[in-house]
Amino acid sequence: MMKISLDDVTRFWREERDEGAIYNVFLKRVTYHTLSENENKSTNEFSHLMWETQKFRVIKAGTLEKLVEYLYIRGEMDSSYMNVFLATYRTFSSTEEVLALLLDRYRAVKTNKEVKNELQDVQLRTIKSVLSVWIDTYPEDFREPPTYPSLRTLESFAFDHLPDSDMAIRVKHKMERFKKEDLSKSEGRIEFHFNLVDEVDHMIAAEYHKPLSFCDIPNQTVAEQLTYRDAELFKRVVPHHCLGAVWARRARKVGKGNTVAGSVLATIDQFNRVSLRVIATILKNPDLKTTHRMKILQKWIEIAQEMRHLKNFSSLKAIISGLQANSVYRLRKAWGLLPKESIAEFEELSKIFSNENNQLASRNLLMKEATAKFPDVDSSNKTLRRRNQMKRQSWIDNGVVQGTVPYLGTFLTDLTMIDTALSDLTDGLINFEKRRKEFEVLAQIKLLQSASQIYTFKENEQFWAWFDAVRVYDENESYELSCAIELPTDIGTKTKRKQTTGSGVRPGKADQNRFSVFMCGGVIYDDKASNTSSSNLDSPVSPNTAKILLNLNKSLCLQMSHSSSTSSLQSCDSDNSTPFKSPDACVIKVSIEASPTPKSHVYKSIMLYNTDHTHTVIQRVLDKYDIRGKEKDFCLLQVLPDSELSIPEKVNVFYAMNNNGDYKFVLRTKKEQEALTQSKKRGRRRLKLTL
């Protein structure tokens, strides 16, 4: 009788290379415990032990063909690899490409007579399993209205090669469902326009509801409604939309009116809407008595505490960001009237989103409470602690279980940092280790989405009518209203300060500034100043990358154009122009001016290492902007305050650039640069003739 056990420790051995692929090779010891036939089975002893070391390979990088081949080549489906591949392949390929490779391989294996029947059957079954899991787990990959080419290709393949399976029927049902959903969406838009007149008659005939006042709305109602909306939006987030490479292309259009990361943008818009309304309700009436304004502050703090009890970290963060906006936080008279319990409550809630150690407090709290029935709310204040204990006991007595809505910005930060810090290619091959790190973050998002299903709140139309009607203010208006309420300390040197929550907008204009409030450990890219945030990578990275991440985390706040805390703002003001740089690397911002791409003031951040030459940086920028072209056709220039510095073709960019000022660059085609140079020369000649 033999018993086999595997050691828990797997050791990395070496790297192996095949044509088109790089593998990490690991060693694992397998122990065989052999029992003698006459041995008493009640004793847990073995006559002797045998062991051997087994070698197994894990793909590290490869061509697209090799990565697809790895899905089935070993004869059995590796669910771990398949999950990573299907979750992240959009960053380096497309649905059409991957589907074509799988179907071509199926046809090739089926017609190849040299392959043994047993291995042939196993590979065919594995490819069918991959296709089945793909269409069930990621159906949105195949939503390509109006013709649905990928689904039609798969349907035709199933009829020809899988007549005995249900694949063709499932594909057909999927296509019919997509058509119905897309048709209902278009009909809904048409119906909306036709029903405008009917809606007016309905409003007249409907029961009159007195417009709500913020102070009259119960705190629990506000918290439950915001949680209802946040949970609905978070459940609809498509995890792979959060990937840094997808997120970087968010402004581009795909199809008719569909944005690349639409499910993520909807969550960000809601975050902004909440934060802006916190500011608006506090500032909107400059003539309000200080005691009344204090009560509004207190009410928002109490609502934030309700959010904490509901484990809604998204709106909790939005409310805290609104309260920490400079235009609100500077109202010392109103803050000075708050009871001690409210101040203590506000400080404890603010600590949750502290930027120390890469937001370690909020990360630990989220991991601790993600799937817990109740929040573990503690307080150093005796009154608050007693109140929290009573609330928890009431949940237990009534059998209440709370869901969880995370602050999505934490995950966007990590994914964008992975995308920035780790290269897409390794020796010209697709870096799949980078995709594994991204998948670890996506898996956390999917886990929390299941927790957000627990909420049972219903929509309150009257509340949302009030919410949508609130007039919100942009940055200038907010600060002017704040100064009208309390004059600046030094009137003689009155200047417009930056608002920590960024630019606000009136209702209906959120799309123009959707990224301005979702920040400080949250928003990763600001379209006006592409900022990157830090990441906490648990899996091994190279020593240089690890050092870069640590240094980048320390300098993160200095790079943000908007900060979510007053203390962060104060520390940023003095060093805001100092970009991050270490002896090994720095973060540079690059815009692109190359046809057919329109001229843009949007900068995207890339990591520049001390080994990078001009052609490497140019290729990295082209990849970042998803532009196909040869690096030899482009030139790189550093943007200086009064001029531009041309970076020569065969130099180390890290040492060739000017270290004074921001690390901003522009990429142009050589033809456009030549035309621009000639234009400047003609301008100087005309100026000389004029003089």
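Every number in this text was worked out from the coordinates using simple rules, so none of it is lab data. Worth saying up front: this structure is predicted, and the values here are computed from it rather than measured. FYI the Cβ positions are ideal-geometry reconstructions off the backbone, even for glycines, and counts take in every protein chain you see.
With each pseudo-label sitting 7 Å past Cα toward Cβ, what's the N460-E440 distance in nm, one decimal?
4.2
Give me, ordered by chain and number, the residues 5 or more places off Y603 or on other chains with an amide H under 5 Å from its own placed amide H.
Residues meeting the criterion, in which the H sits 1.01 Å from N, are A529, S530.
Could you please report the charge total around E16, scoring K, R as +1 and D, E as -1 over all other residues with beta-carbon less than 10 angstrom from its beta-carbon?
+3
For segment 65-140, state which trypsin sites (Lys or Arg not before Pro) are in a DSSP loop and have at most 10 other beta carbons lying within 10 Å of their beta carbon.
Filter output for segment 65-140: K113, K116.
Excluding A100 itself, calculate the net charge of residues whose Cβ lies under 14 Å from the Cβ of A100, where each Lys or Arg counts +1 and each Asp or Glu counts -1.
Net of charged neighbours comes to -3.
Give the residue list of GluC sites (Glu not before Pro) in segment 95-149 that are DSSP loop and have at most 12 other beta-carbon atoms within 10 angstrom.
Of the GluC sites (Glu not before Pro), the ones in loops of segment 95-149 whose Cβ has at most 12 other Cβ atoms within 10 Å are E114.
Each label point is 7 Å from the Cα along the Cα-to-Cβ direction; what then is the distance between the points at K340 and K28, in nm?
Taking the simple label geometry, K340 and K28 are separated by 5.9 nm.
For A469 and N83, what does the FRET efficiency come to when R0 = 51 Å and r is the distance between their Cβ atoms, rounded to the nearest 0.05? Can you show the working numbers first?
Numbers: r = 45 Å, r/R0 = 0.88.
So, using R0 = 51 Å, E works out to roughly 0.70.
What's the FRET efficiency of R682 with D424 using the Cβ-Cβ distance as r and R₀ = 51 Å, to the nearest 0.05?
E between R682 and D424, to the nearest 0.05, is 0.80.
Which far-off residues, 5 or more places away or on another chain, put their amide H under 5 Å from the one on A61, with H placed in the peptide plane?
So A61 has HN proximity to I22, F432.
Can you list which of the GluC sites (Glu not before Pro) found in segment 254-363 are DSSP loop residues with at most 13 other C-beta atoms within 10 Å?
E356
How large is Rg/Rh for segment 629-691, to two decimals, with Cα atoms and a Kirkwood Rh?
For segment 629-691, the value is 1.05.
For segment 606-618, just list the computed ³J(HN,Hα) in residue order, Karplus coefficients 6.51, -1.76 and 1.60, θ = phi - 60°, integers in Hz, with x standing in for Gly and Pro.
9, 8, 10, 9, 6, 10, 7, 9, 4, 4, 5, 5, 4
Output the pairs from K340/K382; K55/K110; K604/K632; K28/K128; K589/K630 with a Cα-Cα distance over 23 Å in this structure; if there are none, say none.
Those over the limit are K55/K110; K28/K128.
Past the 21 Å Cα-Cα mark, which pairs from K295/K458; K235/K391; K295/K333?
On the way: K295/K458 28 Å; K235/K391 27 Å; K295/K333 12 Å.
Distance filter (> 21 Å) returns K295/K458; K235/K391.
What are the radius of gyration and Dmax of segment 87-159, computed over its Cα atoms and given in Å?
Expressed in Å, the Cα Rg and Dmax of segment 87-159 come to 13.4, 42.
Could you calculate the FRET efficiency of T371 with D182 from 1/(1 + (r/R0)^6), where r is the beta carbon distance between them and R0 is 35 Å, rounded to 0.05?
With R0 = 35 Å, the Cβ-Cβ based efficiency is 0.50.
How much length would be gained if the chain were fully extended between N660 and E674, taking 0.36 nm per residue of separation minus their Cα-Cα distance, in nm to one decimal?
Fully extending the segment from N660 to E674 adds 2.4 nm.
Could you calculate the contour length gain from N476 to L645, that is, 0.36 nm times the residue separation minus the distance between their Cα atoms, to one decimal place in nm?
Extra length from N476 to L645 when fully extended: 57.4 nm.
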